[in-house]
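S.K.: Shown below is the structure under consideration.
The values are calculated or read from the model by the stated rules, or taken from the named source; none is laboratory data. Values in this document were obtained by computation on a predicted structure and should not be read as measured data. Neighbour counts are summed over all protein chains in view; Cβ atoms, including those assigned to glycine, are modelled from backbone coordinates with ideal geometry. All accessible areas refer to the heavy atoms of the entire protein, side chains included, with ligands and DNA or RNA removed. Shrake-Rupley method; radii C 1.70, N 1.55, O 1.52, S 1.80 Å.
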Amino acid sequence: MEENHGFTQVIGSTAMPYFNSLVTQHALATQYFANTHPSIGNYFMLTTGNIETNDDAFTGTITDDNIVRALLSSGKTWKIYAQSLPSAGYLGPDVYPYLKHHNPFSFFSDVVKSTVQAASIVPFTQLSADLASGSAPNFAFLLPDAENDAHDCPTGGSLCPDSDKLAAADNWLKANLDPLINNPALANSVFIVVFDEANASDLTNGGGHVAEVIAGAHVKSAFKSTTLYQHQSTLRMILELLSAADRPGVSGTAPAMNEFFQ
């Protein structure tokens with residue numbers, strides 16, 4: 001997940017050479033739009049099929065159907081690998097540069113009320129160990145922290161050129177995503193990189209025009225879709241790829257993204 005930049009800011013940007021290499025080699029949704037502003041509603045749409053709230057300071061519990069429930073009901077495993085998370089199973093407030101409102105899983109009743117499910121929220125450093133032991137989940141949500149997802153400057157705070165924020169995010173992707181895409185053990189995987197929302201001034205279709213790249217051996221090479229999609233279609237795509245029957249919220253009626261695949 002990347003943060004707070006519109007399509008024209010990132011596609012072709014010299015600050016993001018790695019991200020744009022994925023665009024060239026894999027597939028790009030050219031008409032992809034976030035659902036709302038600010039961030040939190042988009043993270044919930046990606047995982048519950050509903051906006052749920054537009055309050056980034058939300059502290060409640062979400063009881064609606066969600067991706068965790070859908071995966072568990074189909075016998076699938078999940079984990080969120082969150083950079084700068086204080087500890088495994090952490091459900092508490094922000095500990096900068098970790099931001100709770102970028103981690104929708106920490107609000108789900110399925111997770112909050114279960115120490116077993118909460119244990120699937122782990123620091124990003126756990127990913128390499130899980131891959132080495134062959135215990136990686138069916139679904140992995142990779143969450144860079146606020147200094148590496150284009151939200152803030154790489155040294156913290158927001159007062160720096162956008163190019164610095166984008167470059168930090170691009171460096172993180174190259175260092176952490178590229179080894180996964182090229183890992184033979186993950187050859188059957190699909191990798192999705194998407195921005196949660198555009199700049200706050202872009203209200204098109206709710207949350208503005210953003211970029212989504214889909215990569216992997218089963219994805220059409222150098223493919224560019226012109227179909228209008230939003231985050232609920234990504235949720236539907238994830239569940240369809242994992243053969244999970246449940247479709248939370250509006251994901252059940254969202255346009256399918258089958259055109260991206262061989």
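S.K.: Please go through the stretch 176-219 and give me each residue that is under 17 Å from the mean Cα position of the chain (by Cα), farther than 18 Å from L239 by Cα and not β-branched (V, I, T), ordered by number.
M.R.: N176, L177, D178, L180, F195, D196, E197, A198, G207, G208, H209, A211
S.K.: Tell me, which residue of the stretch 150-184 that is at pLDDT 95 or above, small (G, A, S) and open to solvent by 40 Å² or more (accessible area, probe 1.4 Å) is farthest from H218 (Cα to Cα)?
M.R.: Among residues in the stretch 150-184 that are at pLDDT 95 or above, small (G, A, S) and open to solvent by 40 Å² or more (accessible area, probe 1.4 Å), the one farthest from H218 (Cα to Cα) is S163.
S.K.: Further question: If a residue must be in a loop (DSSP other than H, G, I, E, B), farther than 14 Å from V194 by Cα and open to solvent by 30 Å² or more (accessible area, probe 1.4 Å), how many such residues does the stretch 1-22 contain?
M.R.: Qualifying residue count for the region: 2.
S.K.: Would you confirm whether any residue within the stretch 253-261 is of a type in the set (D, E), out of contact with any Gly (no Cβ under 7 Å at 6 or more places or on another chain) and more than 30 Å from S158 (Cα to Cα)?
M.R.: Within the stretch 253-261, one or more residues are of a type in the set (D, E), out of contact with any Gly (no Cβ under 7 Å at 6 or more places or on another chain) and more than 30 Å from S158 (Cα to Cα).
S.K.: For the stretch 219-241, name all the residues that are aliphatic (A, V, I, L, M), open to solvent by less than 30 Å² (accessible area, probe 1.4 Å) and touching a strand residue (DSSP E or B) at 6+ places or on another chain (Cβ under 6 Å).
M.R.: V219
S.K.: I'd like the full set of residues that are under 21 Å from Q31 (Cβ atoms), in contact (Cβ under 8 Å) with a residue 24 or more places away in the chain and assigned to a loop (DSSP other than H, G, I, E, B), limited to the stretch 239-261.
M.R.: Residues satisfying the conditions are A254, P255, M257.
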